[in-house]
Every structure is written in structure tokens, then in C-alpha cells.
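Peer 1: Below you'll find the structure I mean.
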Amino acid sequence: MKHSIRWSLYFSLALSMTGCAPSSDHFSHSDFVHTLNLGQCHHAYSPMIKASPHLSVGSSADIAFVLSCPGRQEELTGQPAAGTTGKNLELLLERIGPQLSIPNLVRSKITITNAWAGIEYKNKTNRSEASDQQIKHQENIDRLRKELQHITQLIVFCGSKAQIAAQILIKDSLLSKSVEVAFSPHLGIRGLTHSIKLDQNGQPIVSAKVQRKNGRRDNLKVIQTENTLLRIDVIVRDLLHTRKPSRITNA
């Protein structure tokens, strides 16, 4: 009953932003996503209604990923986690789904949002990320709370900016009581390469160029993909071992 009421409120809030009135007092998660994805609301654009460069609402309420901010690729595609970051996210989902007892975990099933909704890249804003102060701003935290309050199982915060937002969301108990949180490096190539130097067995991950220089004949892209998978496996291990409840309880 509480779950139904919560979704009814969330659905009504989202539709009210565009002037659409819900046709029923109670909505399930599937009703919510079905209506949004089919575009049954025909009023003005709202980032909580349609997929946008910073947000897409998944078909399931189980999992969410919070990235840093949309960039040029997200602006071009009109959806979050585009380009290499999106490919790495999909590899991560393939590996972590079975560990979470969620078969066929693909990006259409998860909610993806960003610590900052604004599009940032050098030629547009002369920077690649928002400032810490902008992430912490109450209006931004309220946006994240609304976008994540329906998630019931796990929210993964990727990169330093997302983790700044997570600290406030956790401290102020703004996430669902049932949800767990976990933290990951930024899923772009630079974030993975700089933060993960060793594989799961503690062996150095040698760059593709060095391996080629040392005599390996495989294509650079083949070696780079292997290295990315090694790093993704480390992230999966760490996510599973370090996830924790979102609500701080006193003993």
C-alpha cells in the first residue's frame, strides 16, 4: 500500500510539472514508466517526463546510477551516459546483474541521472564539470532526491561529483529506506585508467601501447577492451563488497 501511494505521489508530481493530470489515484512503477516512455503526456518538455541528456527513468525501480554531468555526447544523443561512458556502464551491468540476482540487467531497466543536470564541455561552458558548490546547492539536491526516491535496491554514485551529492542525500536521509548505496570511479576511460591500476588478482594492468611495445601482436583496441574489462571486474567486486544502507541508524 505504501509503495503504491509513494508511486502515486511521484507520478502526480512529475505530471504536474507539465500540466497533465493523472487519471487514477494509484500508480505502479510500470504505469509510471509506461506513461512517460509512450509520451502519453503531450504538454511541454520536462526532464522528469522524457529522456533527456541528464536523466532517463528505467523500466524497473531496482537500480540507479548517478554520474557527474552530461557532456557533448549526451547533448548530441539526447540521453545520459552516451559514448564510452555508456559502453562501460553496459559492460558493468552485464557483470553485476547476476551478482544481484537480476537477470538481463540492461540500461533500459535502470534509472540514470547525473549529479549536475547542466550540460558541460569545454567549447560550451569552458569546463567539464560543475563546481562543488553547485552540486551542494539545495535546488540541485532536491532534484536528485525526486529523481532517486523511487529506487528500492541499489544506487551507485560514480565519480567525485556524484559522491559529493551522495554525502548530502545520505546525511539528510533523502533516499528510500530500503535502498543501498555504493560508490564507483567515473566510468569514462580516464576515470577508470587513473583509479584502477591493478586487476582483481593484484597484478598490474599494463597499457595497450606497452604490451604492443613488448611484442604482443593483437590490435590496440582488442588489448584496450581487455584492460577495460579487467577494471570493470574490479568495480563489480568493490561495489558488491562495499555497498551499505542509505539510512544511518544509531546503535
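Peer 1: Of Asp218, Asp233, how do they rank once you tally other Cβ atoms within 10 Å and put the fewest first?
Peer 2: Fewest-to-most ranking of Asp218, Asp233: Asp218, Asp233.
Peer 1: Would you please give the residues with an amide H less than 5 Å from that of Phe157, counting only those at least 5 places away or on a separate chain, with H modeled from the backbone geometry?
Peer 2: Amide H neighbours of Phe157, under 5 Å, 5+ apart: Val66, Ala182, Phe183, Ser184.
Peer 1: Then there's this: Using θ = phi - 60° and the Karplus form 6.51 cos²θ - 1.76 cosθ + 1.60, what ³J(HN,Hα) does each residue of the range 55-64 get, whole Hz, x for Gly and Pro?
Peer 2: Computed from phi, the couplings for the range 55-64 are 8, 9, 8, x, 7, 10, 8, 6, 10, 9 Hz.
Peer 1: Using the structure shown, select from Lys109/Lys146; Lys87/Lys244; Lys146/Lys171; Lys136/Lys161 the pairs with a Cα to Cα distance greater than 21 angstrom.
Peer 2: Table pairs above 21 Å Cα-Cα are Lys87/Lys244.
Peer 1: While we're here: Reachable aspartates and glutamates from Lys209, Cα under 18 Å, same-chain residues fewer than 8 places away excluded?
Peer 2: Asp199, Asp218, Glu226
Peer 1: Turning to a different aspect of this structure: The range 53-189: Rg/Rh from Cα coordinates, Kirkwood Rh?
Peer 2: So for the range 53-189, dividing Rg by the Kirkwood Rh gives 0.94.
Peer 1: Just rank Val106, Val66, Val234, fewest to most, by other beta-carbon atoms within 10 angstrom.
Peer 2: Lowest count first: Val106, Val234, Val66.
Peer 1: What residues have an amide H closer than 5 Å to that of Asn114, excluding those fewer than 5 places away on the same chain, when H is modeled at 1.01 Å from N in the peptide plane?
Peer 2: Leu67
Throughout, read-outs are computed from the coordinates displayed, never taken from laboratory work. Keep in mind that this is a model prediction, so the values were computed, not measured. Heads up, the Cβs are rebuilt from the backbone with ideal geometry, glycines too, and the neighbour counts pull from every protein chain shown.
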